[in-house]
Every structure is written in structure tokens, then in C-alpha cells.
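Structure first, then comments.
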């Protein structure tokens, strides 16, 4: 952070921008309008000083998705802003998505002038009209309307603190246009602001930690379930697993926290997961299953499966009380900073091992006889192995990797091609629907943070905007967005933002002329087959019309006609329209089972 940014007195909009600069935020995403114009005036002054660059989305939800992607990539707070009325209501879906996934955002919406509240002003959204502040109440960690200039700085800093403290999430302030225009004092007013937003010292329930140590000592066979909140502590997580000799599985969102090629990694448990992970947690010999940093929702627990995880073998380690509320049957709940807890446990294990005492069973993890699965290919290259050694994916007999009689690409084959075609540093973002079913099961990348989902709220089109925000946060890394034709028809206009700013984001469309998850869900549950069809669209031509590159892939040889190195470095976005076999059912039996049980 930079604490030496001082300017002469200006408007309150300038004060807000000054705080963003102190947090070293270099991009703000939004759409301008009359009521928010005073803030855009201040942002224009910052842009002229080469501080903050303003990015105009094509829809307000896209702006929130971009801020989400930027926050995930940079670790900073993502900032999105919009005008009053429909601008604010359009923003809500993206804000709700970030809220469910605990992504820190500063959300700024405008209001008409205070004197016009309750008078039917154009796009009024005050408490006396369409109450947008009330709408944000359930999807933010802080939510407030500024009604006096004296409140502005206090509420702004409160919002920033709330967004960046655990549990993280979007913080919303709504500001009337005339208040944005009011004079601000010489600033920054709060000289120790950096301390206010710094992560506080780790707090740990040491009494529960002592109980966990006893459970570890009395257990012979232990497995770990790793969730998304392990990402910031991946090194100590792996050290803990290795000291225990404990095999581990991940949730779909935790998949990116550890390399899939670690010998103790048995794959993804839950939605679109792997058979090896399910078999591991179902072993009767397991004494203890330790969930670390998982939200323990439907897709992380295989539909709250009591036979494998949601039982008294479970121990929950997390900093979020919500995780404990979802697993009251667990044997033990240990609250605190994940990294600190695992550091203490690892240190205890090292001491006892060095003293020669049998702290835990020294029996190595059981080796599974896992079939190595290769894609049939004329090149017969071993580089096309689909899964790491311990992870069992669905068999080629079930999902036939070769083209079918129509020549359409198998989606399993597509994902395996993506595994091989792009460099290790590539960021992959998978959209809601079949895209994250296929990628969760078949996409394996060794580098941390390479794979990102927004599965909590599961907003269609999230990845399209988030890919743009990711590219702004890491312009030196290739960004691949895997999305469906339904999601692209909903939010595909955001590709023009990538065109405008010369971002080499690569969009891969799973084109099956359907809302794929709806289609397969109706088929698997025996529901009426209705309303899933989409028209035939040439998305490559659509991309070219918007100024991007466009490629059609109908058969395997079409993959070889694309220069992937050039895609990653050409300085413009590209779209690959892949015509996939719509009859291939994605690994979504968990979702079908949950729908059937309703």
C-alpha cells in the first residue's frame, strides 16, 4: 500500500479515489450515468495522473464479474460502480456471486440528489422508491446509504475494512449525486488507514486444537478434504498431509489449491468429482476425515452424503462459523486461521516424531490400482494421459474419446486438448453449466491458482466478465475462458471490452445448441424435455464481427490449424467455437440425484 498520496482539498469523489490509490487499486469497472458522473469526474482526474484506469463494461453485471476476476487474480479489493436505478439492480447478480464466494469488492452505486428523494425523480432508487440499498442487504458484508457529507469517509473506510476482513465479501455504499460533489477536506484524513484494513492477528481455539491432537494420535487412517480457503496456505497444507501420510481430496473449488500430481492427491470429491476420491472417503478403515477450509455445501459434500463425509468421523477446521453450522454432526470443530492451525499441528507432529514416539501410524497410504487412461490418438503420445496417477476419471469405454459418426468433438477430448495446448501459467475460468462439469473432472493443471470457478451462486456468464478482470490483473498470463453457448448468448458482449483494451483472452465455446445442464438434467431426472434448445449460432463469425479472432472446430484436425502461442501473445481476444457432441452426458449425477430428491 502507498500511504503518502496527499492531494489538495477536492470533492468527496476525489476522496474516494484517493483511498483506492492508497490501496494500490489500478482498475475500476463500471458503467457511467448521470447520478454517478461526479465519481467519474474524479476517476478521470486519477486516470490523467496514470493512477486508476477506468474500464467500461457492457452490462453492470459484467462490471461486477470483472471486479471479481480482478480481485481473485491480484488479491486486492475489486471495485465496481454504477449509476442509480437500473444500473444498481443490474449489478446485483454479480455482487451476489462474489458474496457467496467471499470475494472482496467495493460496490459503489449512486442515488439521485437528496433533495429529490421521494419526488419521483428519474431513476430514483431511494428508500421512498425502488429501494436498491435494501436489495443489497442480503448479498453484502456492509451496506449503507450516505445521507450526510460528514458520514462519507467513515462509511467508506468501514466498507473497505468489512470487505477485506474475514469473512471477506462485497461492501456496498450508495451515495447521492450531490454528496459526491461536496467539498472534501485536505486528505487523507486517516493517516493509519493501512492498519485498519490489514489482516488482524490470527485467532485460534487452542482448546479445540488440543482435542484434535489427541484424535490424531489415536487415529490410524486419516484423510483430508481441502476446500477453496486452503489456497492461501497451500504449502503448510501439503506439509501437514505429508507428515501425517494422509491422502487428500479436494472440493471442486479447492481443486486449484494443490497440484493434482501430488502422490497423496486422490482427486475431486463432490460435484463432477472422481471415483478415486469417493472410494477414499468411503473406506471403512478411515478413522478421521479432516475438512480444511471447505464451505461444506451441496457440491463440496457430494450432496451432504452421510455415508462418506457428513458423519462423526468428520473434523472441521475453518475460520468461518458457517462451515460449523453446516456440519453439526462432526466430531470436532476447530475455529481459527487455517495456516496457523496447521503450523501448530505440524510442529507438534515433528516434535513427537523426532522423539521417537509413535504419534501417528507410520503406515504409508494404500496404493490404489488405478487404470492409466489414454486418449486414443494416431500420434499415440503419452503426453495425452488424462489423469494423474492416483486420480480415477470416467473410463473411455463410457465416454468414447474419438469422434462419433457425425464428426462432433467429444467434450472430454476437448478438455484434454486444452490441458496440452496452453502453457503452464495459463489461467482457466470455467462458466456455470456443463463447462464446469467437464473441466472439474478432466482439466488437470500443475500450477496453483490455474483453475477458477464461481460455483456458489453459479451465475451464467460469470467467467466471461471475470476473464477480462483476470487479464487486467495479470496481463502477462494467458487467460482461457471455457463457457457454453447459453452463457455466451447471455453475456458475450463483454468480449468487446477485451477487444477495446487489446487483451488476449481466449474464449472456448462448448457449442451444443442447448442449455446443456438443463437438457441433461431433464434427461437424467425424467423431467419433461422443454425449453433447453438454442438456435444454431456461428460464434466464430459473431466474434469476428465484434473485432476478435474467430475459429470453428468441427473435428479433431481443426485443433491443429490454430497457433496457440500466437493466441496467447497476439494482443487481441480470440474465440474458438467447438461443436461438441450434445449426447455426451457430463459428470453431473450428483446434481440429478439432488433434484430427484426434492
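The condition of being in contact with a strand residue (DSSP E or B) (Cβ under 8 Å, 6 or more places away or on another chain) and closer than 21 Å to residue 459 by Cα holds for only one of 156, 105, that being 105. Out of curiosity, is residue 113 surrounded by fewer than 19 Cβ atoms within 10 Å (Cβ to Cβ) and in contact with a strand residue (DSSP E or B) (Cβ under 8 Å, 6 or more places away or on another chain)? Against the criterion (surrounded by fewer than 19 Cβ atoms within 10 Å (Cβ to Cβ) and in contact with a strand residue (DSSP E or B) (Cβ under 8 Å, 6 or more places away or on another chain)), residue 113 qualifies. Being assigned to a strand (DSSP E or B) and touching a strand residue (DSSP E or B) at 6+ places or on another chain (Cβ under 9 Å) is a description that applies to residue 510.
No lab work stands behind these numbers, since they all come straight from the coordinates. Here the structure is a predicted model, which means the values were calculated and not measured. Every residue, glycine among them, receives a Cβ derived from its backbone with ideal geometry; neighbour counts consider all protein chains shown.
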